[in-house]
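**Q** Dropping the structure in here first, questions after.
A short reminder: the numbers here are calculations on the coordinates, not readings from a lab. Computed from a predicted structure; not experimentally measured. Glycine also receives a Cβ, built like all others from the backbone with ideal geometry; neighbour counts cover every protein chain displayed.
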Amino acid sequence: MEARAILKFVRISPRKAKLVVDLVRGKDANEALAILKYTPKKGAKIVEKVIKSAVANAENNFDLDKDNLYISEIYANEGPKLKRWRPRAQGRAFPIMKRTSHIGVVVKERE
C-alpha cells in the first residue's frame, strides 16, 4: 500500500530542489523530516511540507501506521518556465527564465 502527495508549480528551480530531495530519498519518514528541519536551504521547507502531506494521506486515507512509513519515491521535475525580460544597453533585451518545479513524494509502509 502506498500514499502520495504532489506539489505543483513551486517557484524554485528543479536543480535546487533536487539537492534537497536527494538527501531524504529512501529514508524513514520521521528521519527525513528531522533531516529537513535542520537543512538550511529554501527547498527543505517545501519538501518537508510535501512529505508531511504524503504521511497525512497515508494515515487518513489508507490507515497506515505513520511510524513504519518510508519514502519509496521522491522527485523534483521541471515545471513550466515564467519568461521575463531584462532590459540591456542600446535597446536590447535579454531573457530571464524563472523556473518552477513539480515535487512528488510516495510513501510506503515497511513490512
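**Q** Which value does Rg/Rh take for segment 14-61 over its C-alpha atoms, Rh per Kirkwood? Don't jump to the answer; show the numbers that get you there.
**A** On the way: Rg = 10.6 Å, Rh = 10.9 Å.
For segment 14-61, the value is 0.97.
**Q** Also, quick follow-up: Helix-derived [θ] at 222 nm for the chain: sum -39500 (n - 2.57) over DSSP H runs of at least 4, divide by residue count, nearest 500? If you can, show how the numbers build up before the last one.
**A** Working: 3 runs with 41 residues, N = 111.
After summing the helix terms and dividing by the residues of the chain, the value is -12000 deg cm²/dmol.
**Q** So, in nm, how far is label ARG88 from label LYS8 when the simple model puts each one 7 Å beyond its Cα toward the Cβ?
**A** Distance between label points: 3.4 nm.
**Q** Here's something else I'd like to know. Taking a cut-off of 18 Å, what percent of all Cα-Cα pairs in the chain are separated by more than that? Let's see the in-between values first.
**A** Numbers: 3140 of 6105 pairs.
So the pairs more than 18 Å apart make up 51 percent of the total in the chain.
**Q** Another one. About its Cα centre, what dipole magnitude does the chain give when the only charges are +1 on Lys and Arg Cβ and -1 on Asp and Glu Cβ, stated in debye to the nearest 20?
**A** On the way: 25 positive and 13 negative charges, 322 e Å.
Charge dipole of the chain: 1540 debye, to the nearest 20.
**Q** Something else now. Using Cβ contacts closer than 10 Å as the measure, can you line up ARG4, ARG11 from fewest to most?
**A** Details: ARG4 16, ARG11 12.
The order, fewest Cβ neighbours first, is ARG11, ARG4.
**Q** I would also like to ask the following. Kindly give Rg over Rh for segment 50-109, based on alpha-carbon atoms, with the Kirkwood expression for the hydrodynamic radius. Mind showing how you got there, number by number?
**A** On the way: Rg = 19.9 Å, Rh = 14.4 Å.
Rounded to two decimals, Rg over Rh is 1.38.
**Q** Could you calculate the contour length gain from ARG25 to GLU111, that is, 0.36 nm times the residue separation minus the distance between their Cα atoms, to one decimal place in nm? Kindly include the intermediate steps, with their values, before the conclusion.
**A** Working: separation 86, 0.36 × 86 = 30.96 nm, distance 1.82 nm.
Additional length available on full extension: 29.1 nm.
**Q** Please give the length that would be gained between LYS52 and ILE35 if that part of the chain were fully extended, namely 0.36 nm times their separation in residues minus their C-alpha to C-alpha distance (nm, one decimal).
**A** On the way: separation 17, 0.36 × 17 = 6.12 nm, distance 1.32 nm.
Fully extending the segment from LYS52 to ILE35 adds 4.8 nm.
**Q** Further, regarding this structure: So for each of 89-96, 24-31 I average, over its residues, the number of other beta carbons within 10 Å; can you give me the resulting order with the highest mean first?
**A** Working: 89-96: 7.9, 24-31: 16.2.
In descending order of packing, they fall as 24-31, 89-96.
**Q** Straight-line reach only, C-alpha to C-alpha below 20 angstrom: list the aspartates and glutamates that LYS108 could link to, leaving out same-chain residues fewer than 8 apart.
**A** Within the straight-line cut-off, LYS108 pairs with GLU2, ASP22, ASP28, GLU31, GLU48, GLU59, ASP63, ASP65, ASP67, GLU73.
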